[in-house]
1. I need the per residue convex hull volume for the chain, using only the alpha carbons, in cubic angstrom as a whole number.
2. Hydropathy at least -1.0 by Kyte-Doolittle, axial extent at least 20 angstrom from the Cα trace: which helices of the chain, defined as entire DSSP H runs, fit?
3. Residues of region 8-249: accessible area per residue at 1.4 Å, in Å²?
4. If packing is taken as the average number of other Cβ atoms within 10 Å across a peptide's residues, how do 238-248, 117-127 rank, most packed first?
5. With a point put 7 Å past each Cα toward its Cβ, work out how far Asp42 is from Ser233 in nm, to one decimal.
6. Counting only protein heavy atoms and using a 1.4 Å probe, what share of the accessible area of region 8-249 belongs to carbon plus sulfur, as a whole percent?
7. Counting other Cβ atoms within 10 Å of each Cβ, which trypsin sites (Lys or Arg not before Pro) in region 206-239 have at most 12 and sit in a DSSP loop?
8. Are any of the pairs Lys34/Lys200; Lys100/Lys222; Lys181/Lys224; Lys40/Lys181; Lys40/Lys201; Lys78/Lys181 more than 30 Å apart by Cα-Cα distance, and if so, which?
Amino acid sequence: MNILPGKKIYFSSDNHLGAPTMEESRRREAVFVKWLDEIKKDAAAIFLLGDLFDFWFEYKHVVPKGFVRTLGKLAEIKDSGIPIYFFVGNHDLWMNDYFKTELNIPVYHQPKEFEFNNKTFLVGHGDGLGPGDKGYKRMKKVFTNPLSKWLYRWLHPDLGVPLAQYFSVKNKMISGDEDQKFLGEDKEWLIQYCRRKLEKKHYDYFLFGHRHLPLEIDLNEKSKYINTGDWISHYTYAVFDGKITSLQKL
């Protein structure tokens, strides 16, 4: 994709809508919807890098209620012709085809490569990547197992949804927020993941979320890792203006 002059690509992650309560998250949702309304004026594309919701599970005929302001704004933007790409995070990894069928927004479960104005991007949520986090990786295999999801669907939504919401907020392993401090480049798993990827192929930018930390790390002279932060504490996002990608804050 070639980005026309004056157009930009936006990257955002980790809204965790619904947490810790619907009332508290609605204030943050209003800020996010206002931001979406502003960036649609010059957006060439919008990337949502996961954990838009603090919990999401698609039953065959049921999805969690709420978030109509966000979903409506995304539908409006997509219908206007602006591409939107959604990457599932560790809180909304149970997403199937709802975004695709209702909003015509593609959903990705793994990092994906993109090229804009001859710049190469590797984009994803970031959970379970790199050499560590073995406990979460084992848990993710259980959660994403087709049999596990099939069994969970037998719980009535009035039981299954609040139960999952409770554990989503309380369980640190699920939340992935056990330590939101920068650990150093030699201990950050996503940085190690990016450097290993560069051993096989060049990327100009790695765009991830998950860590809730706005980060810009030079991996070498030509490659950069950017973490988009979150919409809970930092209210940060990344922007590609056709030449460079950088973090910005509300």
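The values are calculated or read from the model by the stated rules, or taken from the named source; none is laboratory data. Just so it is clear, the model here is predicted, and its values are computed rather than measured. Glycine gets a Cβ as well: all are built from the backbone with ideal geometry, and neighbour counts include every protein chain shown. Keep in mind that these areas ignore ligands, DNA and RNA; they rest on the heavy atoms of the full protein, side chains included. Shrake-Rupley method; radii C 1.70, N 1.55, O 1.52, S 1.80 Å.
1. On the way: hull volume 30.8 nm³, N = 250.
Convex hull of Cα atoms, per residue: 123 Å³.
2. Numbers: long enough: 22-39 (25 Å, -0.74).
Length and hydropathy pass: 22-39.
3. Details: 11930 Å² over 242 residues.
For region 8-249, the solvent-accessible area averages 49 Å² per residue.
4. Details: 238-248: 16.6, 117-127: 20.5.
Descending mean neighbour count gives 117-127, 238-248.
5. Going from the Asp42 label point to the Ser233 one covers 3.0 nm.
6. On the way: 6310 of 11930 Å².
Whole-percent figure for carbon plus sulfur exposure: 53.
7. Working: sites: Arg211, Lys222, Lys224; in loops: Arg211, Lys222.
Those that pass, being in a loop and sparsely packed, are Lys222.
8. On the way: Lys34/Lys200 40 Å; Lys100/Lys222 35 Å; Lys181/Lys224 20 Å; Lys40/Lys181 32 Å; Lys40/Lys201 33 Å; Lys78/Lys181 35 Å.
Beyond 30 Å between Cα atoms: Lys34/Lys200; Lys100/Lys222; Lys40/Lys181; Lys40/Lys201; Lys78/Lys181.
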